[in-house]
Amino acid sequence: MDVNEVAAHYTPTIGEETTIPEDSVVKIDLGTHYNGLIADSAVTVSLSDKYDDLVYAAEEALEEALKVVAPGVPITEVGKRVERVLKNYNYQAVSNLTGHSIEYFELHGDVSIPNVQVNWDLGKFEEGKVYAIEPFVTFEGRPSKVVDWKPGGIYIVNKPRNVKDPEAKSLFDEINRRFRTLPFAERWLQDFMPADKLHLNIEKLVKLKALYEYPALIEVGGRPVSQAEHTFVVTKDGALVTTQ
């Protein structure tokens with residue numbers, strides 16, 4: 001859950017008491033899987049009518065981008081369509097946040113799907129492949145991008161490690177059993193270990209580089225950001241959305 005200028009990769013920690021400010025724009029980005037088959041989706045909620053159009057723009061950009069999807073269509077067509085929609089609203093896309101391909105037990109595959117026009121070859125949509133398109137939208141002005149902020153509380157197994165500390169090893173084994181190569185939050189493991197020990201051992205695993213913690217991403221100019229996202233399978237008839 002990302003609020004206002006925080007664009008992505010933040011989730012509440014155990015015991016966090018932060019409240020959402022009034023008149024905020026709130027992004028809810030979530031995913032699920034069935035035996036490694038992943039669906040990734042996001043919606044934005046405006047708590048003030050001053051951000052309603054920001055939400056609508058992201059939703060319309062997503063819907064229009066999905067219309068260009070077909071086997072053999074260049075992936076760069078998505079950015080062209082997103083920018084065309086946002087120009088009508090006098091908004092712009094965050095340039096360094098993209099959609100992505102999705103693989104078996106792999107949320108972010110090798111293919112990126114920009115939300116802006118680019119001048120290089122990114123390949124073409126392939127029939128039977130799974131992708132997610134997710135426009136991130138903010139106000140016009142200086143070019144928009146995100147930069148790393150504080151630790152976001154979202155983790156992923158980085159690489160196999162020989163963890164010697166027994167308690168940390170026990171936790172690492174459980175993480176691998178539950179989540180494999182998928183992202184997870186610390187609070188999802190409260191049933192396995194008390195919160196204080198859990199936090200301490202996750203910190204140990206991060207220091208050992210057995211786990212990677214995603215930094216939260218913040219819009220460089222402090223502008224609020226909206227987001228909309230769907231996962232789809234490319235068929236001969238276009239995009240078959242799996243996250244309606």
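Here are the numbers for this structure:
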{"quantity": "Output for region 5-30, where each listed residue is within 15 Å of Gly152 (Cβ to Cβ) and not β-branched (Val, Ile, Thr)", "calculated": "Glu5, Ala7, Ala8, His9, Tyr10, Pro12, Glu16, Lys27, Asp29, Leu30"}
{"quantity": "Residue among Thr32, Thr76 that alone is surrounded by 16 or more Cβ atoms within 10 Å (Cβ to Cβ), under 20 Å from the mean Cα position of the chain (by Cα) and among the polar types (S, T, N, Q)", "calculated": "Thr76"}
{"quantity": "The listed residue being part of a strand (DSSP E or B) and out of contact with any His (no Cβ under 6 Å at 6 or more places or on another chain), out of Glu213, Glu203, Glu174", "calculated": "Glu213"}
{"quantity": "Those residues of region 155-175 which are surrounded by fewer than 17 Cβ atoms within 10 Å (Cβ to Cβ) and under 28 Å from the mean Cα position of the chain (by Cα), in sequence order", "calculated": "Asn158, Lys159, Pro160, Arg161, Asp173, Glu174"}
{"quantity": "Test: residue in region 119-132 that is surrounded by fewer than 23 Cβ atoms within 10 Å (Cβ to Cβ), farther than 21 Å from Thr235 by Cβ and not aromatic (Phe, Trp, Tyr)", "calculated": "yes"}
{"quantity": "Any hit, region 98-112, residues being part of a loop (DSSP other than H, G, I, E, B) and among the β-branched types (Val, Ile, Thr)", "calculated": "yes"}
{"quantity": "Selected residue [touching a residue at least 60 places away in the same chain (Cβ under 8 Å), assigned by TED's automatic domain parsing to the domain that holds Asp29 and β-branched (Val, Ile, Thr)] from Val111, Val137", "calculated": "Val137"}
{"quantity": "Residue list for region 204-229, restricted to those being farther than 23 Å from Asn4 by Cα and surrounded by 14 or more Cβ atoms within 10 Å (Cβ to Cβ)", "calculated": "Lys204, Leu205, Val206, Leu208, Ala210, Leu211, Tyr212"}
{"quantity": "Of the criteria (1) surrounded by fewer than 18 Cβ atoms within 10 Å (Cβ to Cβ); (2) within 25 Å of Glu140 (Cβ to Cβ); (3) within 14 Å of the chain's Cα centre (by Cα), which one Asn90 fails", "calculated": "(3)"}
{"quantity": "Strands (runs of 3 or more DSSP E) contained entirely in region 1-74, each with at least 1 residues that are farther than 30 Å from Gln190 by Cβ and of a type in the set (Ser, Thr, Tyr)", "calculated": "37-46"}
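The values are calculated or read from the model by the stated rules, or taken from the named source; none is laboratory data. Source: prediction; values computed, not measured. Cβ sites come from the backbone with ideal geometry, for glycine too, and all protein chains shown count toward neighbours.
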